[in-house]
Amino acid sequence: MTSRLPITGLDTLPANLSADASIYVKPLSRSPCSEPTSAGMDAQVEVLVRGATNVASIVCTWDVLKAWSAGLSDAQAQSVTRQIDRMDRPYSAVAGLDMNRCHVMGIINATPDSFSDGGKALAREDALAQGRAMVSAGATLLDVGGESTRPGALPVPFAEEIARVVPAIEALAELGVPVSIDSRNAPVMAAALDAGAGVVNDVSALSYDPDAMALIARRGVPIMLMHALGDPRTMQDAPAYDHVSLDIYDYLEERITTCVAAGVSREMIVVDPGIGFGKTLEHNLVLLRDLPLFASLGCPILLGASRKSFIGRLSDGADAGNRLGGSLAAALAGARAGAQFLRVHDVEETVQALRVWMAIEGMEVK
């Protein structure tokens, strides 16, 4: 079961909505990263109307949606207009990276216990060699983490996390691509930024450390906000949602609003639905299908599905080192849905898959 609220399919948009109903707009013909979502008003869109007891799903065209929204309450009409406007507005560059394309973000775990490649980049030289190979293969961003966030992982003392990531970041910063620090702790973020990182990737969406949001606002750096249900120790303890995609959408929208109120520029925010972080297999699959929904938040999208356990569950229990095929399938699904960032372990293979897929689709290979 993926949702507590039943989902009802309707043939037409409802004529009357309760005042407390929420409306969500999901494009069904989203062009990968480059074109405005509602270009071509005869293209289809899924409208999700969330009430107290159910979620209604209606497929219509953009022009029908716009005409219908004119008859809604002021607040509901403004919500629909705001979502459409966000999807049509071009994204600003993030860390100097063009958001009109899909970027491959290479994972470098400076940890002894990460679920897939713990221990491979603990030494500065190993991290540099790994990063150099990723950049050569086509990675345009490198993500360095010093605290495992696998299910059941325990927190790492700040000093130890800093000691793991700073030497790696100092070395990787010389490779000519942006480096992000994967941390939920403000002291680690600060040390990493001082060492040469230019982006912060926080699995807690700046909710774990009370000092983190002020740090991001003060430094003016891009921030990647991810959804996680609970922390790594508890997140897989029977996760449940009213509607997984809409609950996560609401959470990310709240975090964006809170960040902007604290002085973080909206143009500096990237959102991540958090595949595998407090989600069942079914939750993850629904999120991958619903990824275009998050475009209406008005921020670039990050997808991190590489080698996740749901792939193993779909492939006879394959361990993390044997999930390349599933990782590539998820990456291509994310690119097709319009994700701007794919966070992956297998950079060379992902870049190759993207280039072949783009060529088949007749897109310019970047």
message = For the stretch 32-44, give me the residue count where each residue is crowded, with 20+ Cβ neighbours inside 10 Å and either on the phi > 0 side of the Ramachandran plot or at pLDDT 95 or above (or both).
response = 1
Any pair with Cβ under 8 angstrom, 6 or more apart, that starts in the stretch 7-22 at a residue that is touching a residue at least 12 places away in the same chain (Cβ under 8 Å) and ends at one that is among the basic types (Lys, Arg) and assigned to a strand (DSSP E or B) = ALA21/ARG50; SER22/ARG50
inquiry  = Residue under question is PHE277, and the condition is that it be in a helix (DSSP H, G or I) and either among the aromatic types (Phe, Trp, Tyr) or in the same structural domain as LEU225 (by TED's automatic domain parsing) (or both); does it hold?
reply    = no
query = Out of all the residues in the stretch 231-254, is one or more of a type in the set (Phe, Trp, Tyr), under 20 Å from PHE294 (Cβ atoms) and out of contact with any helix residue (DSSP H, G or I) (no Cβ under 9 Å at 6 or more places or on another chain)?
reply = yes
note = Selection from the stretch 249-276 of residues touching a Leu at 6+ places or on another chain (Cβ under 7 Å) and either of a type outside the set (Ser, Thr, Tyr) or surrounded by fewer than 19 Cβ atoms within 10 Å (Cβ to Cβ) (or both) yields LEU252, GLU253, ARG255, ILE256, CYS259, ILE269, VAL270, VAL271, ASP272, PRO273, ILE275
request  = For the stretch 225-261, name all the residues that are touching an Asp or Glu at 6+ places or on another chain (Cβ under 6 Å) and over 16 Å from LEU281 (Cα atoms).
outcome  = MET226
request  = Confirm whether GLU282 is acidic (Asp, Glu) and either surrounded by 24 or more Cβ atoms within 10 Å (Cβ to Cβ) or in contact with a Cys (Cβ under 9 Å, 6 or more places away or on another chain) (or both).
outcome  = no
message = For the stretch 144-247, give me every one of the strands (runs of 3 or more DSSP E) that falls completely inside it and has 2 or more residues that are closer than 30 Å to PRO6 by Cα and either touching a residue at least 12 places away in the same chain (Cβ under 8 Å) or of a type outside the set (Phe, Trp, Tyr) (or both).
response = 223-226
key: Counted residues, the stretch 131-158 - those being at pLDDT below 95 and either over 16 Å from SER180 (Cβ atoms) or of a type outside the set (Gly, Ala, Ser) (or both)   = 12
query = Which members of the stretch 15-31 meet the condition of being at pLDDT below 95 and farther than 16 Å from LEU291 by Cα?
reply = ALA15, ASN16, LEU17, SER18, ALA19, ASP20
query = Of the numbered conditions (1) touching a residue at least 40 places away in the same chain (Cβ under 8 Å); (2) farther than 19 Å from VAL25 by Cβ, ASN322 satisfies every one except a single condition; which is it?
reply = (1)
ask   = Considering only the stretch 337-351, how many residues are in a helix (DSSP H, G or I) and touching a residue at least 40 places away in the same chain (Cβ under 8 Å)?
value = 4
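The values are calculated or read from the model by the stated rules, or taken from the named source; none is laboratory data. Given the structure is predicted, the values throughout are model-derived calculations rather than measurements. We place every Cβ from the backbone using ideal geometry, glycine too, and count neighbours over all the protein chains shown.
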